1. Mind listing whichever residues of the range 168-209 are in a loop (DSSP other than H, G, I, E, B), of a type outside the set (A, V, I, L, M), modelled with pLDDT of 95 or more and over 15 Å from VAL110 (Cβ atoms)?
2. Hey, GLN158 hits all of (1) assigned to a loop (DSSP other than H, G, I, E, B); (2) closer than 14 Å to ILE243 by Cβ; (3) within 15 Å of the chain's Cα centre (by Cα) but one; which does it fall short on?
3. Name the single residue that is surrounded by the fewest Cβ atoms within 10 Å (Cβ to Cβ) among those in the range 127-151 being within 24 Å of GLU91 (Cα to Cα) and in contact with a helix residue (DSSP H, G or I) (Cβ under 8 Å, 6 or more places away or on another chain).
4. In the range 94-126, what count of residues is obtained for those that are assigned to a helix (DSSP H, G or I) and either surrounded by fewer than 21 Cβ atoms within 10 Å (Cβ to Cβ) or among the charged types (D, E, K, R) (or both)?
5. Can you give me the number of residues within the range 134-149 that are hydrophobic (A, V, I, L, M, F, W, C) and either in a loop (DSSP other than H, G, I, E, B) or over 18 Å from ASP199 (Cβ atoms) (or both)?
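The values are calculated or read from the model by the stated rules, or taken from the named source; none is laboratory data. This is a predicted model, so every value here is computed, not measured. In this analysis, Cβ positions are derived from the backbone assuming ideal geometry, glycine residues included, and neighbour counts consider all displayed protein chains.
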Amino acid sequence: MFAKVIEKRREALQRLPWLRPVLLGINVILAVVGVFLIPVVGLIIGLGLIAMNELLTPVIFQRIFIKEFEGTLSTAGDLQPLHFRPLPVNEEVLAKHKQRSRYSCIPMSVEFVLKLLGKLPPDDFSLQDAWGDGRYGNFSDFDGQTINGVKFRKQFPQPRDDSFPLNDLFSTIENELASGRYVIVSLAVPSLTNPGETDYHNYVTRNRLPNGEFEAVTKGREPEPEQINDVRERVRTMKGTDILTYELIEPGPER
């Protein structure tokens with residue numbers, strides 16, 4: 001009974017004058033879609049995948065591969081393998097060294113490096129005494145100066161903005177540390193005398209950590225040293241900073 005009903009419906013449909021033209025039109029539309037639209041859709045999808053690859057691949061590479069190897073690779077373009085170890089900090093120097101006046105952090109950091117290199121006795125504060133209190137300055141005061149066989153050089157004096165060459169700065173610090181040399185870096189710190197404002201203090205960078213950060217130490221006017229392990233992040237936030245590097249000159253002219 002059910003089969004007879006279906007057969008009658010089919011015969012009725014076949015007698016409709018517009019059925020065949022409609023079916024033919026649908027077939028034509030499907031043919032056009034198959035020939036033209038699917039390749040266009042494929043092209044659009046392909047272009048989208050290319051764009052996603054261009055945008056996402058550097059991010060994936062940075063977050064996975066660079067992070068995986070950043071403990072041993074330089075941020076220089078050639079990705080040279082570098083070997084890092086913490087540079088020593090003499091306990092006697094760390095205990096006896098200090099910043100003697102409010103504005104003497106620049107000569108304090110230079111003295112600190114000289115003492116760590118064995119070029120000054122731990123209780124020698126002659127550079128800070130000569131600097132005096134109430135004097136402003138910057139690393140230019142020691143740029144090109146040779147003190148007890150150590151020649152200092154100021155680097156990266158560029159303005160601190162979006163155009164600052166951060167990668168070059170970090171590569172320079174890495175190369176210095178890998179060569180066994182300390183790096184003096186200027187970092188922004190909260191002002192102790194003017195709450196809400198920013199001052200600057202100098203730190204002696206002594207190690208590159210496996211996560212790519214830099215470890216540094218400094219002495220202020222308090223007896224306890226300050227040790228930090230986020231130099232890279234602080235410099236990024238500052239949009240750059242200047243550093244003071246050095247080379248050993250034996251023998252050499254004295255300052």
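1. Quick first cut of the range 168-209, residues in a loop (DSSP other than H, G, I, E, B) only: 179-182, 191-197, 209.
This time we only want the ones that are of a type outside the set (A, V, I, L, M), so: 179-182, 191, 193-197.
From what is left, the residues that are modelled with pLDDT of 95 or more are 179-182.
Of everything in the range 168-209, those that are in a loop (DSSP other than H, G, I, E, B), of a type outside the set (A, V, I, L, M), modelled with pLDDT of 95 or more and over 15 Å from VAL110 (Cβ atoms) turn out to be SER179, GLY180.
2. For GLN158, the failing item is (3).
3. Ranking the qualifying residues of the range 127-151, first place goes to ASN148.
4. Looking only at the range 94-126, we keep the residues that are assigned to a helix (DSSP H, G or I), and these are 94-96, 105-116, 126.
From what's left, either surrounded by fewer than 21 Cβ atoms within 10 Å (Cβ to Cβ) or among the charged types (D, E, K, R) (or both): 94-96, 111, 115, 126.
So the count comes out to 6.
5. Step one: list which residues in the range 134-149 are hydrophobic (A, V, I, L, M, F, W, C), which gives 139, 142, 147.
From the residues that got through so far, the ones that are either in a loop (DSSP other than H, G, I, E, B) or over 18 Å from ASP199 (Cβ atoms) (or both) too are 142, 147.
Summing the residues that are hydrophobic (A, V, I, L, M, F, W, C) and either in a loop (DSSP other than H, G, I, E, B) or over 18 Å from ASP199 (Cβ atoms) (or both) in the range 134-149 gives 2.
The rows are residues; the columns are (1) within 20 Å of PHE142 (Cβ to Cβ); (2) surrounded by fewer than 15 Cβ atoms within 10 Å (Cβ to Cβ); (3) of a type in the set (Asp, Glu).
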position: TYR182; (1), (2), (3): yes, no, no
position: PRO195; (1), (2), (3): no, yes, no
position: THR198; (1), (2), (3): no, yes, no
position: VAL204; (1), (2), (3): yes, no, no
position: VAL217; (1), (2), (3): yes, no, no
position: GLN227; (1), (2), (3): no, yes, no
position: THR237; (1), (2), (3): no, yes, no
position: TYR246; (1), (2), (3): yes, no, no
position: ILE249; (1), (2), (3): yes, yes, no
